[in-house]
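Throughout, read-outs are computed from the coordinates displayed, never taken from laboratory work. On a predicted model such as this, the values are computed, not experimentally measured, just so you know. Heads up, the Cβs are rebuilt from the backbone with ideal geometry, glycines too, and the neighbour counts pull from every protein chain shown.
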Amino acid sequence: MKTIIHKADTRGYADHGWLKSHHTFSFASYQNPERMNFGMLRVLNDDVVQPKMGFGTHPHQNMEIISIPLKGALSHKDSMGNKRAIEVGEVQVMSAGTGLTHSEFNDSKINEVNFLQLWIIPEEMSVKPNYEQRQFPNQGKQNQLQTVVAPKDKLEGDALPISQQAYIYRTTLEAENSIGLNLKSENNGVYIFVVDGEVSIDGNSLSKRDAIGVSEIHSLDIKSTENSELVIIEVPMK
């Protein structure tokens, strides 16, 4: 077993006024050679966008991009003709592939938007760009794993497709509850991000916005010490 712990206060941070962003891995002006990625997970940004502000139109190519709103709603518009808001309880995926442009904007006049943005390195280059989003019921993640993203050739349930052998799960655990995760492949590792609460994993205590990456395992147990919310990313390590 290999383990790496990333405490919340060790993340990179950028304050652009309209955007406050914590970077788990190297991103933009935050460059840390020891924090480049976890396997195929390249970016995990914890972004807060101020009212009536947002990301102007910008390009992406050959990256799987996943957005998970935690608070508020973010309006999305892209070069594929998609134009809709992403709200709490929804997950959005974009396979950038051969290339696309998009913008993200907080339409609220008074409320901030907080969302997680993940980038996963694809297994295929130059695929046809794809966009999907879906609402996932809260009861589907209560004291159980809810699969929200899966490989496009191994979809399960209502999971959204990406071009990589990676899975993203969400769960909300009540205090003193445990949950087990069985990895899909011996080549995979798992990165667990604590959105809120406190959990114990392999003897390590993790609090709000802490994270742990574990590889060279087949399964893992997670125990909550208080009501907690987690995002769990299972990715190939090579």
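Brief remarks follow.
- Here the contact order of the stretch 2-236, divided by its residue count and restricted to Cα pairs under 8 Å and six or more residues apart, works out to 19 percent.
- Centre separation in Å (Cα based) which lies between the stretch 148-195 and the stretch 1-35: 22
- In the stretch 36-145, GluC sites (Glu not before Pro) in a DSSP loop with at most 11 other beta-carbon atoms within 10 Å: Glu124
- With the simple model of a label 7 Å out from the Cα in the direction of the Cβ, Lys223 to Lys71 spans 3.1 nm.
- Tensor-based shape of the stretch 36-165 (alpha-carbon gyration tensor, a/c under 1.5 rounded, otherwise prolate or oblate): oblate
- Estimated inter-spin distance, Gln135 and Met1, nm [label 7 Å along Cα→Cβ]: 3.9
- In straight-distance terms, cross-link reach from Lys52 covers every one of the aspartates and glutamates whose alpha-carbon lies under 18 Å from its own, apart from those fewer than eight places away in the same chain; here that gives Asp15, Glu87, Glu104, Asp107, Glu112.
- Leading residue at positive end of dipole, the stretch 2-236 (Cβ point charges), from Asn37, Val190, Gln50: Gln50
- Calculated over the chain: convex hull of Cα atoms, volume per residue (Å³): 119
- Rg/Rh, computed from the Cα trace of the stretch 84-139 with Rh as the Kirkwood radius, has the value 1.01.
- Computed across the stretch 6-72, the Kirkwood radius stands at 13.3 Å (inverse of mean 1/r, all Cα pairs).
- Neighbour counts of C-beta atoms inside 10 Å place Lys77, Lys154, Lys141 in the sequence Lys154, Lys77, Lys141, starting with the fewest.
- The ranking of Met53, Met40, Met1 from fewest to most other beta carbons within 10 Å of each one's beta carbon is Met1, Met53, Met40.
- For Lys2, the aspartates and glutamates whose Cα comes closer than 20 Å to its Cα, not counting residues fewer than 8 places off in the same chain, are Glu34, Glu186, Asp202, Asp210, Glu216, Asp221, Glu234.
- At R0 = 25 Å, FRET efficiency that the Cβ-Cβ distance of Met125 and Thr57 yields, to 0.05: 0.60
- Listed values for the stretch 160-173 are Karplus-derived 3J(HN,Hα) couplings in whole Hz (6.51 cos²θ - 1.76 cosθ + 1.60, θ = phi - 60°), namely 8, x, 9, 8, 6, 7, 10, 9, 10, 10, 10, 8, 10, 10, and x replaces Gly and Pro.
- Using the Cβ of Ile217 as centre and a radius below 13 Å, the other residues enclosed give a net charge of -3, where K and R count +1 and D and E count -1.
- Violating pairs (Cα-Cα greater than 23 angstrom) within the set Lys7/Lys154; Lys141/Lys208; Lys141/Lys238: Lys7/Lys154; Lys141/Lys238
- Taking other C-beta atoms within 10 Å as the exposure proxy, Lys208, Lys238 rank Lys238, Lys208 from fewest upward.
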